[in-house]
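Notes to accompany the following structure.
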Amino acid sequence: MSPDELVYLGILAASIPVGFLFRYLSPPVKQGAALLLGLLISIATCGIHTLHSLCTVLGTWLIIKMNWRSAPALSLGWTFLYLLFFRLVTWFGLPQPTPFANAIQLLLTLKMVSLANEIQSYHLEKKKEVSTFTKSPVVGGLSHEPSFYDIISYSYCYVGIMTGPFFRYQTYADWLQQSNPLSLPGKEPCLQRLKMVPVYGALFIAVNSVFPLSYVHTDEFLDRNYFYRFFYMVAIFFVFRMRFYSAWCGAEAGCISAGLGCYPQGALSKPGGGPTMKYCPDPDTAVEYDFKTIQNIDCYNTDFCVKVRHGMRYWNMTVQWWLHHYIYPNAPFRAYALRAGWTMLISAYWHGLHAGYYLSFLTIPLCIAAESAMEASVRARLGPTGQNIFDWIHWFLKMRAYDYMCMGFVLLKASDTIYYWSSIYFIIHIIAVVCIGVAQVMKGGKKRERRERGEGEKEDVVREKAE
């Protein structure tokens, strides 16, 4: 493990016992202590580069104060433009930010855009209440506009400051105002989330030592046979998954220990978004709680869901919620594949400027188009057994597609990504294009059959009338 990874691991490990201590604090003390600890982590790991995140927060606060109506669009523009400056600071003679500063900046961008949307919704609902004399039915809306201190506290809250998960301001406010944090579940769900982390960590270290990414760059790699080169991406994506499974399960445990994102199961919480239903517990029934709001990874479904589009749903779940609510609805296209492509383009930009991100993320819409076409033209015509076989083949290809796209994500450079993809003859791109072509041919054949059947029925009607 690199020194940076050891620092991440130390922060994750320390956040879990610290979280249990926060349950003993009153709301004002909890808010101040979480802010102080978050600032200490930021300054200790980022140093002077903490000013980048501070500028982002100040800019967003000014936007909200000056024009809350347009704050969502303006904050998105401001934070994403600052990301561009942040990544190109060396062009201006400024020092390169640390990886920790980058992690904080990424999560802060999500928080600031979400905050602007929440505050806009708050003002709009207040106006409706005044005009209709009725209480707003919106679930999870703000009860008051956050002060500057509230915004700073939310921005630098120590929970997930570098590792996520993303959570809305309302989730943060609910955490501060919990009436009896010590009565909420903590130890059991925390241990439940951590139980597989040693396994994921051991697998990450073991497989990474046998299949290092650096080997792909060597001339010797091309001398290997095709199947070895193909299998290598399977191993690399496995290492990639184990690394993030470990990190995100640990980050979730840090939230659980503090009680962040704890809501009754009846509230039907969504990862990233929080409650979707107003929950009124029965006084005679014990309340069951969950931590769905801060769930960032579903390891089982990431590996075993069938479709490419579903694979995205179970990976980095809180960020997927953010993309689905703030980017996807505003895409300048109507077709699902194109809207997904737009969303993936924004996601790639959020991750960074490396060409590998774009090559990988923009392959996803092609895979989605291919699987949708094959489902409509092939799977729909099969019986139960045929559909079961189709789904197993679909799952296998889905995993290989993510193996393939992962290489762009980890190799980063366009030249390195294309170098690897060309070594396996762009197999996933070719399969996707062939699937779309086959689906179009079958679709055309189906239309021709329908037309011929219709013409045959017309001839029968004419013949019957003639008789």
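Numbers at a glance
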quantity	calculated
Matching residues, region 240-293, being closer than 24 Å to residue 23 by Cβ and among the aromatic types (Phe, Trp, Tyr)	248, 263, 279, 289, 291
Subset of region 143-176 [over 17 Å from residue 12 (Cβ atoms) and modelled with pLDDT under 95]	143, 144, 145
Residues within region 312-359 that are surrounded by fewer than 17 Cβ atoms within 10 Å (Cβ to Cβ) and on the phi > 0 side of the Ramachandran plot, tallied	1
Subset of region 291-321 [within 14 Å of the chain's Cα centre (by Cα), closer than 19 Å to residue 240 by Cβ and in a loop (DSSP other than H, G, I, E, B)]	296, 298, 314, 316
Yes/no for residue 375 being open to solvent by less than 30 Å² (accessible area, probe 1.4 Å), acidic (Asp, Glu), over 29 Å from residue 97 (Cβ atoms) and part of a helix (DSSP H, G or I)	no
Failed criterion for residue 107 (all others in (1) touching a residue at least 60 places away in the same chain (Cβ under 8 Å); (2) under 23 Å from the mean Cα position of the chain (by Cα); (3) assigned to a helix (DSSP H, G or I) hold)	(1)
Residue list for region 143-158, filter: under 17 Å from residue 68 (Cα atoms) and out of contact with any helix residue (DSSP H, G or I) (no Cβ under 7 Å at 6 or more places or on another chain)	143, 144, 147, 150
Pair list, Cβ under 6 Å, 6 or more apart: region 115-127 residue part of a helix (DSSP H, G or I), other residue of a type in the set (A, V, I, L, M, F, W, C) and surrounded by fewer than 17 Cβ atoms within 10 Å (Cβ to Cβ)	125/138
Tally, over region 158-186, of residues that are in a helix (DSSP H, G or I) and in contact (Cβ under 8 Å) with a residue 24 or more places away in the chain	10
Failed condition for residue 203, given (1) open to solvent by less than 20 Å² (accessible area, probe 1.4 Å); (2) under 24 Å from the mean Cα position of the chain (by Cα)	(1)
The listed residue being open to solvent by less than 60 Å² (accessible area, probe 1.4 Å) and free of Cβ contacts under 8 Å to residues at least 60 places away in the same chain, out of 266, 274, 254, 261	266
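Here is a yes/no grid of residues against (1) within 22 Å of residue 316 (Cα to Cα); (2) at pLDDT below 95:
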position: 219; (1), (2): no, yes
position: 229; (1), (2): no, no
position: 240; (1), (2): yes, no
position: 248; (1), (2): yes, no
position: 251; (1), (2): yes, no
position: 261; (1), (2): yes, no
position: 287; (1), (2): no, yes
position: 292; (1), (2): yes, no
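The values are calculated or read from the model by the stated rules, or taken from the named source; none is laboratory data. Since we're looking at a predicted model, the values are computed, not measured. Neighbour counts run over all protein chains shown; Cβ positions are idealised from the backbone, glycine included. Please note that ligands, DNA and RNA were not included when accessible areas were found on the heavy atoms of the full protein model with its side chains. Shrake-Rupley method; radii C 1.70, N 1.55, O 1.52, S 1.80 Å.
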